[in-house]
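Following: one structure in structure tokens, then a few remarks.
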Amino acid sequence: MLTIHEEGSASYAEALTRLSRRGDADLERVEGAVREILREVRERGDAAIVALTERFEGRRQPHVVVPEATWRAEAATVDPAVRDALAAAAERIRRYHEHQRDDGFRYEEDGIELGQRVLPVRAAGVYAPGGKARYPSTVLMAAIPAAVAGVPRIVLTTPRPTPEILAAAELAGVTEVVDAGGAQAIGALAYGTETVGRVDKIVGPGNLYVACAKRLVFGLVDIDSIAGPSEILVVADDDADPKVVAADLLSQAEHDEDAYPLLVTLSRALADAVDAELARQLETLPKRDIATKSVRDNGHCFVVGSLEEAARVADELAAEHLNLSVADPDAMLEGIRAVGAAFLGYHTPEAAGDYAAGPSHVLPTGGAVRFASPLGVYDFVIRTSLIRYSREAIRAQADLLESLARLEGLEAHALAVAARR
């Protein structure tokens, strides 16, 4: 099942290099189609959303923007046990993200008052997929950080919203629901239509068309990231349970045929044991076909000779989810800089992070954790630098400012200072 690479073998370095570049998504093959979709939405607004939904989904929406009374009534029909579970998860997610609040700062130095003001964006758009699967958890994970940040207008866009999705939206603080998916939904959020007000930031995962649309509208609006297939990297020492390790790998493999289940072990014996467990567990997995293709096409195991090499491999792969099934996960984590979410120890499944641990499960993929971070409150705010000089302060610093301005040949800059002497 897994493709196994032992340290020192011919395939080891080649596979590591290739997998570290897995984020080079082929958006070019859909870019032409996506540009045309975005053009239609920009020029025709709601009429384009309706026509494109009929073309791609074979249905005609009763509304582009679902009336608030309608979607809240639909949310109320969800099974009480489901709502209780969503509410419990929402509370944990909210508590975690409240720790990310930033109130800005001010201080004074030699008569100069400096600071930073932090305010929420005016409107945020949350995209929730509606294709192969629906994830109310993603609505919670994407919208709650925006609500904690204080964003007054949070727009959820998803095709054919279900009661479970709508219940999650209500619990998360969503204020508007748009019945649209695909690149056209991203266009509606970015450009605005007759009924969909434009937003300042778009977040949430989606398919290749959604990812391409987000990239193309970036600059007009902000986005969280260009999301690719889900991925998990498990680092397992010889005390790790092969049954548990296999289950962790499959927890991401069942998402998508293109998902990456990756493993680093300290022995070939453990690698073979995990491989056998994967085959056994796949026999009864409801999404067996999806998970099997993921493991066979993208499943790799690196057998290493030391924990130090295991950490180096993990850092090189820069995984969205990193599960450290080792005796001292904190020590190993010290040697790994690039990771989206770290699950520490034998008893911490990645699935906990997907649902109710607390941190948002909206994470950079494809190695982007080298430079990007999990979705958080900080994604929904704008920061303003504050500067105030007293008369004495500008006079005291005038020589410095004028000399620096003239060093760069900007005499008007120097004169703007000199006028205040």
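The values are calculated or read from the model by the stated rules, or taken from the named source; none is laboratory data. Quantities reported herein were computed from a predicted structural model and do not represent experimental measurements. Note that each Cβ is placed from the backbone with ideal geometry, even for glycine, and that neighbours are counted across all protein chains shown.
Quick look at the values:
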{"item": "Residues within the stretch 138-163 that are over 13 Å from the mean Cα position of the chain (by Cα), in contact (Cβ under 8 Å) with a residue 40 or more places away in the chain and closer than 21 Å to Asn207 by Cα, tallied", "result": "4"}
{"item": "Pairs with Cβ under 9 Å, 6+ apart, first in the stretch 401-421 and modelled with pLDDT under 95, second part of a helix (DSSP H, G or I)", "result": "Arg421/Ile394; Arg421/Arg395; Arg421/Ala398"}
{"item": "Leading residue by the ranking (farthest from Asp24 (Cα to Cα)) among those in the stretch 369-395 that are among the charged types (D, E, K, R) and not in a helix (DSSP H, G or I)", "result": "Arg388"}
{"item": "All strands (runs of 3 or more DSSP E) inside the stretch 84-139 with 2 or more residues being surrounded by 15 or more Cβ atoms within 10 Å (Cβ to Cβ)", "result": "112-120, 123-127"}
{"item": "Inter-residue pairs, beta-carbon under 7 Å, first in contact (Cβ under 8 Å) with a residue 24 or more places away in the chain and in the stretch 273-299, second part of a helix (DSSP H, G or I) and of a type in the set (D, E, K, R), 6+ apart", "result": "Glu277/Lys243; Leu282/Arg288"}
{"item": "Of the criteria (1) acidic (Asp, Glu); (2) more than 21 Å from Glu176 (Cα to Cα); (3) at pLDDT 95 or above; (4) more than 25 Å from the chain's Cα centre (by Cα), which one Glu98 fails", "result": "(4)"}
{"item": "Qualifying residue in the stretch 81-92 (condition: more than 30 Å from Ile394 (Cα to Cα) and over 26 Å from the mean Cα position of the chain (by Cα))", "result": "yes"}
{"item": "Those helices (runs of 4 or more DSSP H) lying entirely in the stretch 279-339 with at least 2 residues touching a helix residue (DSSP H, G or I) at 6+ places or on another chain (Cβ under 7 Å), farther than 15 Å from Val235 by Cβ and at pLDDT 95 or above", "result": "288-298"}
{"item": "Those residues of the stretch 155-170 which are of a type in the set (Ser, Thr, Tyr) and either surrounded by fewer than 24 Cβ atoms within 10 Å (Cβ to Cβ) or in contact with a His (Cβ under 9 Å, 6 or more places away or on another chain) (or both), in sequence order", "result": "Thr162"}
{"item": "Those residues of the stretch 213-230 which are assigned to a loop (DSSP other than H, G, I, E, B), in contact with a strand residue (DSSP E or B) (Cβ under 8 Å, 6 or more places away or on another chain) and crowded, with 24+ Cβ neighbours inside 10 Å, in sequence order", "result": "Asp224, Ser230"}
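So that you can scan it fast, the table gives a plain yes or no per residue for (1) of a type outside the set (S, T, N, Q); (2) part of a helix (DSSP H, G or I); (3) under 21 Å from Ala89 (Cα atoms); (4) modelled with pLDDT under 95:
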{"site": "Leu171", "(1), (2), (3), (4)": "yes, yes, yes, no"}
{"site": "Ala180", "(1), (2), (3), (4)": "yes, no, no, no"}
{"site": "Leu189", "(1), (2), (3), (4)": "yes, yes, no, no"}
{"site": "Ile232", "(1), (2), (3), (4)": "yes, no, no, no"}
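Conditions tested, residue by residue: (1) closer than 26 Å to Gly206 by Cα; (2) out of contact with any His (no Cβ under 9 Å at 6 or more places or on another chain); (3) surrounded by fewer than 21 Cβ atoms within 10 Å (Cβ to Cβ).
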{"position": "Ala319", "(1), (2), (3)": "yes, yes, no"}
{"position": "Glu334", "(1), (2), (3)": "no, yes, yes"}
{"position": "Pro349", "(1), (2), (3)": "yes, yes, yes"}
{"position": "Ser360", "(1), (2), (3)": "yes, no, no"}
{"position": "Thr365", "(1), (2), (3)": "yes, yes, no"}
{"position": "Ala368", "(1), (2), (3)": "yes, yes, yes"}
{"position": "Ala405", "(1), (2), (3)": "no, no, yes"}
{"position": "Arg420", "(1), (2), (3)": "no, yes, yes"}
